[in-house]
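Undergrad: Sending over a structure as structure tokens; questions will come in a sec.
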Amino acid sequence: MRAIIGALAVMAALGAPAGAQSWPDKQVNFIVPFSAGGTTDLFGRLLANHMQQKFGKPFIVENRAGAGGNLGAAAVAKAAPDGYTFLVGTVSTHAINPFLYSKLPYDTVKDFQPVSLIARLPNILVVHPSLPANNVAELIAHLKANPDKLSYGSSGAGTSIHLAAELFRSRPAPP
């Protein structure tokens, strides 16, 4: 939460860029490259709400999910570079996808200018309380005893959650 507040404070303190004192003079769009309700969407909406209150202009969150964030990122890369369309980017859109996809519809370096870090979030491993596992060792034992009977959820192929789960699955069990 401190990271969010810090990012909001930095953006608020920066205000409009020099020479653009009237910014924003129209609606500003935050493109979230994932579906509504996820972490990226939550942070995009918190930021949009704060910015709308500060500047008195509409800050709209638009969810453009698909292809591990590539559809939303591509939309922002193709938008007019006028300071009215922002990407709520993630490690997937800018660090993982260039290695996961052979051809991206955007260039992670040339098509984007970083503005602010919004948050740093860990991935966490949780299970339903009905599962007989109170720690990782018990989870691994349960998985071994029940092969191909359990599944996991992630925000999409190539996301950090997906890759963490695949890494977990590929690691040899501890002795």
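Each value in this text was obtained by applying a stated rule to the coordinates, not by laboratory testing. Just so it is clear, the model here is predicted, and its values are computed rather than measured. When we count neighbours, we look across all protein chains shown, and the Cβ atoms used for this are built from the backbone with ideal geometry, even at glycine.
Undergrad: Read through the labelled values [x] 16.3, 48; [y] 19.5, 65; [z] 16.3, 53 and report the label of the one computed as Rg and Dmax of the Cα atoms in Å from the structure.
TA: Computing Rg and Dmax of the Cα atoms in Å and matching it to [x] 16.3, 48; [y] 19.5, 65; [z] 16.3, 53 gives [y].
Undergrad: What FRET efficiency do you get for residue 152 and residue 109 if R0 is 35 Å and r is their Cβ-Cβ distance, rounded to the nearest 0.05?
TA: It comes out at approximately 0.60.
Undergrad: Cα to Cα, under 16 Å, and not fewer than 8 places away if on the same chain: which aspartates and glutamates meet these conditions relative to residue 54?
TA: Output for residue 54: 25.
Undergrad: Pop a pseudo-label 7 angstrom from the Cα along the beta-carbon direction at both residue 168 and residue 23 and give the gap in nm to one decimal.
TA: Going by the 7 Å Cα→Cβ label model, 4.1 nm.
Undergrad: Against the longest alpha carbon principal axis of the chain, how many degrees, from 0 to 90 and to the nearest 10, is the axis of helix 160-170 turned?
TA: Roughly 20 degrees, rounded to the nearest 10.
Undergrad: While we're looking at this one, here's another question. Give the cross-link partners of residue 110 among the lysines, using a straight C-alpha distance below 18 Å as the criterion and excluding same-chain residues fewer than 8 apart.
TA: 78
Undergrad: Say the dipole of the chain comes from +1 at the beta carbon of Lys and Arg and -1 at that of Asp and Glu; which of 80, 22, 165 then lies farthest toward its positive end?
TA: 165
Undergrad: While we're looking at this one, here's another question. Non-local amide H neighbours of residue 61 (under 5 Å, H modeled in plane, Pro and chain starts lacking H): which ones?
TA: The answer is 30.
Undergrad: What are the semi-axes of the equivalent ellipsoid for segment 123-175, taken as the square roots of 5 times the Cα gyration tensor eigenvalues, largest first, in whole Å? Could the numbers behind the result be given before it?
TA: On the way: eigenvalues 71, 35, 23 Å².
The equivalent ellipsoid of segment 123-175 has semi-axes of 19, 13, 11 Å.
Undergrad: Under 18 Å Cα to Cα from residue 103, which aspartates and glutamates show up? Leave out anything in the same chain fewer than 8 places away.
TA: The qualifying aspartates and glutamates are 111.
Undergrad: How long is the gain from residue 35 to residue 102 if the chain were fully straight, where each residue apart is worth 0.36 nm and the alpha carbon distance is subtracted? Each step should come with its number before you reach the end.
TA: Numbers: separation 67, 0.36 × 67 = 24.12 nm, distance 2.35 nm.
Gain in length upon complete extension: 21.8 nm.
Undergrad: If you take the beta carbon distance between residue 71 and residue 142 as r and set R0 to 45 Å, what does 1/(1 + (r/R0)^6) give as a FRET efficiency, to the nearest 0.05?
TA: Here the calculated transfer efficiency is 0.80.
Undergrad: Sum -39500 (n - 2.57) across every DSSP H segment of at least 4 residues in the chain, then divide by the residue count to get the 222 nm mean residue ellipticity, nearest 500.
TA: Counting only the DSSP helices, I get -11000 deg cm²/dmol.
Undergrad: What relative contact order, as a whole-number percentage, does the chain give when Cα pairs under 8 Å and 6 or more residues apart are counted?
TA: 22 percent
Undergrad: What is the set of long-range amide H partners of residue 158 at a cut-off below 5 Å, with H atoms built 1.01 Å from backbone N?
TA: When sequence neighbours closer than 5 places are left aside, the close amide H contacts are 163.
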